[in-house]
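Have a look at the structure below before the remarks.
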Amino acid sequence: MPLIFKKEPEEVKDIVESQINRMNMKMAFSTPRLAGLVAEAPAEPIPSKPLPVYHLGLEDLADKAEIEASIQTGWQYMVKHEDEVLASAETVLDQDKNPVFAQVSEGPLVEGTVQAIDYAEEQEKIKDGKYEVRILMVPALYVALLWLVDKKNKADLAIPIAPTTTPLEPNNVMTMKEVMEILQKSAKDLLKSQPPGDST
C-alpha cells in the first residue's frame, strides 16, 4: 500500500495555492530555482503532497520521550514543476490557530525530505503496511524526521531527513520509540550544557 498523504483543510490549500500563484504572476520568488524558472519561461509551479508538520520542544522531549508531546504547527508542501521538486511552501498557525502562509524554501532540507519519501516508498516493510506521512521537527536539536504513523499496528516508524545530527543517519528506517530515546538523551545532554532558562 502506498504512503498515505493526509488531506489538508481546504483553507490551507487555498492559502498556499493562491500565494504560489500570486508570487508566480508577479515574479516574486526569492529562492533561486523558482526565480530562475519564472525568468526563463512561463512557469506553473504546483504545490503537492501536503504534509502536516509537528514540533517537539526540548524540555518536553527531555521530560518524557513520547511522541504525544508534539504539537502540529502547520503544513508543508512540495512545490513541483513538471516532475521535479524545486522548493517547499509552508503554512503556520497564528496565535488564534488560523493558518497563514509562512515561506517558500529551497535547500538541503527540501532535497532531504524528497529523498526520505522516495526511500520510504521503496521499503517492503512500509509497502506492506499502512502509514500516514508527517514531518516531525525538533529545532533545538537540528533534527527533522519523516514520521510514519502506523494505521494498522500502532507501531510508528521514523526516517531521519538529511541533513541530520549523529547518531541519527538519514534515510534509515527506525522505530519511533528508538528515535525518541535517542532524542531524549540528546535533549537532556543539551539542557545540562545550557545556562538556566535558556531552552527551546
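Since every read-out is calculated from the coordinates, none of them should be taken as a lab result. Computed from a prediction, not measured in an experiment: that's the story for all the values here. Neighbour counts run over all protein chains shown; Cβ positions are idealised from the backbone, glycine included.
Details
- Radius 14 Å from Cβ of residue 120, net charge of other residues (Lys, Arg +1; Asp, Glu -1): -3
- Pairwise Cα distances in the stretch 19-130 exceed 16 Å in 67 percent of cases.
- Footprinting exposure proxy for 4, 20, 161, 67 (fewest neighbouring C-beta atoms within 10 Å first): 4, 67, 20, 161
- The structure-derived value of mean projected area of the Cα convex hull in nm² appears in the list (i) 14.7; (ii) 10.6; (iii) 12.2 under the label (iii).
- Residue by residue, the stretch 143-160 carries 3J(HN,Hα) couplings of 10, 10, 10, 7, 9, 9, 7, 6, 8, 9, 10, 6, 10, 4, 10, 9, 10, x Hz when phi is fed to the Karplus relation 6.51 cos²θ - 1.76 cosθ + 1.60 (θ = phi - 60°); x denotes Gly or Pro.
- Between the amide H of residue 86 and those of 79, 80, 81, distances stay under 5 Å, these residues lying 5 or more places away or on another chain, with hydrogens modeled in the peptide plane.
- Dipole of the chain computed with +1 at Lys/Arg Cβ and -1 at Asp/Glu Cβ about the Cα centre; of 18, 51, 129, farthest Cα towards the positive end is 129.
- Taking amide H as placed 1.01 Å from N in the peptide plane, residue 155 has its amide H under 5 Å from the amide H of 150, each at least 5 places away in sequence or on another chain.
- Legend: ranking of residues 128, 60 from fewest to most surrounding C-beta atoms inside 10 Å; resulting order 128, 60.
- Think of each Lys and Arg Cβ as +1 and each Asp and Glu Cβ as -1; about the Cα centre, that makes the dipole of the stretch 10-193 roughly 260 debye.
- Each residue of the stretch 99-105 is assigned a 3J(HN,Hα), and the resulting list reads x, 9, 5, 9, 5, 10, 10 Hz, derived from the Karplus form 6.51 cos²θ - 1.76 cosθ + 1.60 (θ = phi - 60°), x at Gly and Pro.
- Relative contact order computed over the chain (Cα-Cα under 8 Å; 6+ residues apart), in percent: 21 percent
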